[in-house]
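J.: The following block contains the structure, expressed as structure tokens.
The values are calculated or read from the model by the stated rules, or taken from the named source; none is laboratory data. All values derive from a computational prediction rather than experimental measurement. Every residue, glycine as well, gets a Cβ built from its backbone with ideal geometry; the counts of neighbours run over all protein chains shown.
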Amino acid sequence: MEQKNFVLALVLSLGFILLWSVFVVPRFSPPAPPASTAPLNSPATVDNTMPDSRQSITQGKVETVTVRNADNTIVLDPRGGGVQSWMLNAKSQTFDLVRDATALPLPLASFPDTLFKISVQPDGAVMRATLPNHIEVTKTLTLSPTGHLHTIQFRFHNPSASAIQLEKWEWGWGPGLNTVPTEQKENAGLIRGLTMGPLKAHVVHENDQQPFGSWVGIDNRYFLVAFIPTSAHITDFRVTGKKETTRVHLVETTPVPPHSDITLAYDLYVGPKGYTQLKTYHRHIEESVDFGTFGPIGKLILSALYRLKAVTGNYGVSIIILTLCLQVMLMPLTLKSFKAANAMKKLQPKIAKLQELYKGDPKRLNVEMMNLYKSSGTNPFGGCLPMLLQLPIFWALFTTLRNAYELRGAPFVGWIHDLSVHDPYYILPVVMGGGMFLQQRMTGATTDPTQRQMMYMMPIMFTFMFMNFPAGLVLYWMTNSFATITFQYFYLRATTGTPNRPEIIRP
């Protein structure tokens with residue numbers, strides 16, 4: 001097998017995998033209607049001017065209570081003390097994380113058949129109710145003054161002389177988790193139930209049996225709601241529904257001694273999945289960010305980009321610098337690839353003679369070609385190692401650019417306003433394809449017209465394949481191609497005295 005056949009098969013396989021993951025895997029659902037926005041004020045205030053048009057469990061209208069601070073506008077519903085709307089202010093966008101306010105029980109609702117009396121506090125709200133068994137419930141939501149890690153606390157008071165056990169009462173979040181309107185089309189296929197295991201976060205599907213872990217939650221590509229117990233008690237959980245109907249249920253059993261109080265406390269994260277920011281909470285909720293198969297590489301890439309951005313002020317410039325640094329690190333392997341390509345080019349006349357001589361005997365042709373490689377000391381796969389090493393980097397960068405909240409909405413120059421989505425005018429993919437075409441012409445290591453035509457088709461295939469890839473990924477591949485061309489130019493000039501002059505392809 002010749003080197004170019006192997007490279008072509010490798011590239012086509014990569015292209016198939018990328019196309020399959022992006023365009024074939026079902027990730028689409030009808031877009032939800034965009035949520036209305038409301039002005040944000042601080043500190044938390046109460047607003048009882050938003051009556052609910054739906055009927056409550058008592059067949060009367062319920063009065064909602066609105067709590068606001070700089071980052072959140074939360075509409076609390078008396079039915080179970082649930083959340084009818086959680087408007088999040090993030091990166092100059094305001095949107096509702098509650099996907100369906102008509103689906104009962106509401107997110108964070110507990111004892112949904114009970115109406116809670118809600119009173120506002122400077123930093124949140126207190127909800128009170130008395131259960132049919134006379135247990136008095138006080139539910140306190142305290143908003144963080146900075147960030148998105150809040151607290152929620154349940155206090156149960158038993159005024160009777162007998163112990164009372166609250167069996168398997170539930171609360172949680174669902175159905176689904178909303179996102180900004182521009183991302184709702186694919187959102188349904190990205191909603192997941194999660195639990196944090198000893199080493200990593202696990203995706204939990206309906207009917208899966210998983211231990212609670214250190215936290216459980218529900219997320220989509222860029223946002224997360226996580227429940228993190230801070231009081232010592234045994235809690236179970238389950239996940240119901242699929243995609244946009246996914247619900248995470250925390251299942252509690254609470255024994256309350258006579259004339260005593262029992263308190264359950266949680267940290268409640270409701271906000272964006274910025275890996276760098278999530279790490280500062282030291283709750284392992286950063287593990288909700290999906291870096292894919294090559295997660296460790298993705299985390300290193302994101303860390304490097306984050307540090308470079310602190311210096312350059314631009315993630316696009318940071319991607320270019322990181323790409324050039326990777327090229328320098330891979331320089332010894334790249335030079336080895338150039339040498340292998342030149343050696344293969346020198347063998348092309350002999351290979352052509354063997355192909356002509358044994359064109360009717362493929363087995364003999366392969367044997368003679370391997371003997372030729374062995375006698376000349378040429379490794380037909382010698383030029384593939386740099387590409388193989390770049391595949392994990394490429395895939396890790398692809399996943400990082402699509403899933404890292406830090407890069408969401410990050411501009412580059414001019415028309416590139418968001419490196420995590422495709423170039424709206426497809427300028428970068430076209431320039432990238434031109435660079436790949438020039439690179440193929442400079443290589444020119446085969447004399448087989450059919451194979452040579454196929455190699456020149458690769459830039460066209462890649463151009464169309466990269467049309468809908470994140471602009472940051474295209475920027476990486478484009479920078480990588482032009483850096484390789486530059487290195488190859490100076491290598492050929494140093495070894496042959498002049499850069500390789502490609503032949504004109506004629507039909």
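J.: Quick check: is even one residue across the range 271-280 assigned by TED's automatic domain parsing to the domain that holds Trp173, within 17 Å of Gly176 (Cβ to Cβ), crowded, with 20+ Cβ neighbours inside 10 Å and not aromatic (Phe, Trp, Tyr)?
T.: Scanning the range 271-280, I find at least one residue that is assigned by TED's automatic domain parsing to the domain that holds Trp173, within 17 Å of Gly176 (Cβ to Cβ), crowded, with 20+ Cβ neighbours inside 10 Å and not aromatic (Phe, Trp, Tyr), so the answer is yes.
J.: Within the bounds of the range 241-248, is there any residue that is acidic (Asp, Glu), crowded, with 19+ Cβ neighbours inside 10 Å and in the same structural domain as Lys168 (by TED's automatic domain parsing)?
T.: yes
J.: Find all pairs meeting these conditions: Cβ atoms under 6 angstrom apart; at least six residues apart or on different chains; first residue within the range 461-477 and surrounded by fewer than 19 Cβ atoms within 10 Å (Cβ to Cβ) and among the small types (Gly, Ala, Ser); second residue at pLDDT 90 or above and outside any helix (DSSP H, G or I).
T.: none
J.: Continuing with the same structure: Regarding Leu166, is this residue farther than 18 Å from Trp86 by Cα, more than 15 Å from the chain's Cα centre (by Cα) and in a loop (DSSP other than H, G, I, E, B)?
T.: Taking the combined requirement at face value, the residue does not satisfy it.
J.: With surrounded by fewer than 18 Cβ atoms within 10 Å (Cβ to Cβ), part of a helix (DSSP H, G or I) and touching a residue at least 60 places away in the same chain (Cβ under 8 Å) as the only criterion, which of Leu391, Leu365 stands out?
T.: Leu391
J.: Considering each residue of the range 322-334, count those that are surrounded by fewer than 17 Cβ atoms within 10 Å (Cβ to Cβ) and within 23 Å of the chain's Cα centre (by Cα), and give that number.
T.: Total satisfying the criteria: 0.
J.: For the range 268-292, what are the residues that are assigned to a helix (DSSP H, G or I) and under 15 Å from Ile191 (Cα atoms)?
T.: Ser288
J.: Does Tyr489 satisfy the condition of being in the same structural domain as Gln355 (by TED's automatic domain parsing), surrounded by fewer than 21 Cβ atoms within 10 Å (Cβ to Cβ) and at pLDDT 90 or above?
T.: no
J.: Further question: Scan the range 169-194 residue by residue and report those that are without any contact (Cβ under 8 Å) to a residue 60 or more places away in the chain and assigned to a strand (DSSP E or B).
T.: Hits for the range 169-194 are Arg192, Gly193.
J.: Determine whether the range 201-215 contains at least one residue that is within 17 Å of the chain's Cα centre (by Cα) and part of a loop (DSSP other than H, G, I, E, B).
T.: no
J.: Of all residues in the range 311-344, which are among the polar types (S, T, N, Q) and at pLDDT 80 or above?
T.: Matches in the range 311-344: Thr312, Asn314, Ser318, Thr323, Gln327.
J.: Select, from Thr312, Thr323, the only residue that is outside the structural domain of His233 (by TED's automatic domain parsing) and free of Cβ contacts under 8 Å to residues at least 60 places away in the same chain.
T.: It is Thr312.
J.: Of the conditions (1) buried (at least 22 other Cβ atoms within 10 Å of the Cβ); (2) in contact (Cβ under 8 Å) with a residue 40 or more places away in the chain; (3) under 28 Å from Ala103 (Cα atoms), Gly298 fails just one. Which one is it?
T.: It is condition (3) that Gly298 fails.
J.: Let me ask another. May I ask you to list the residues in the range 55-70 that are modelled with pLDDT of 95 or more and farther than 18 Å from Pro105 by Cβ?
T.: Residues satisfying the conditions are Thr66, Val67.
J.: For the range 461-483, which positions are among the aromatic types (Phe, Trp, Tyr) and within 19 Å of His417 (Cβ to Cβ)?
T.: Answer for the range 461-483, where residues must be among the aromatic types (Phe, Trp, Tyr) and within 19 Å of His417 (Cβ to Cβ): Phe466, Phe469, Tyr476.
J.: Please enumerate the residues belonging to the range 71-93 that are polar (S, T, N, Q) and either outside the structural domain of Ala226 (by TED's automatic domain parsing) or modelled with pLDDT under 95 (or both).
T.: Asn89, Ser92, Gln93
J.: Scan the range 83-91 and tell me whether some residue there is farther than 22 Å from Gly271 by Cβ and out of contact with any Lys or Arg (no Cβ under 8 Å at 6 or more places or on another chain).
T.: No, there is no match, as no residue in the range 83-91 is farther than 22 Å from Gly271 by Cβ and out of contact with any Lys or Arg (no Cβ under 8 Å at 6 or more places or on another chain).
J.: Same structure, new question: Within the group Trp169, Trp173, which residue is within 30 Å of His134 (Cα to Cα) and crowded, with 22+ Cβ neighbours inside 10 Å?
T.: Result of the check over Trp169, Trp173: Trp173.
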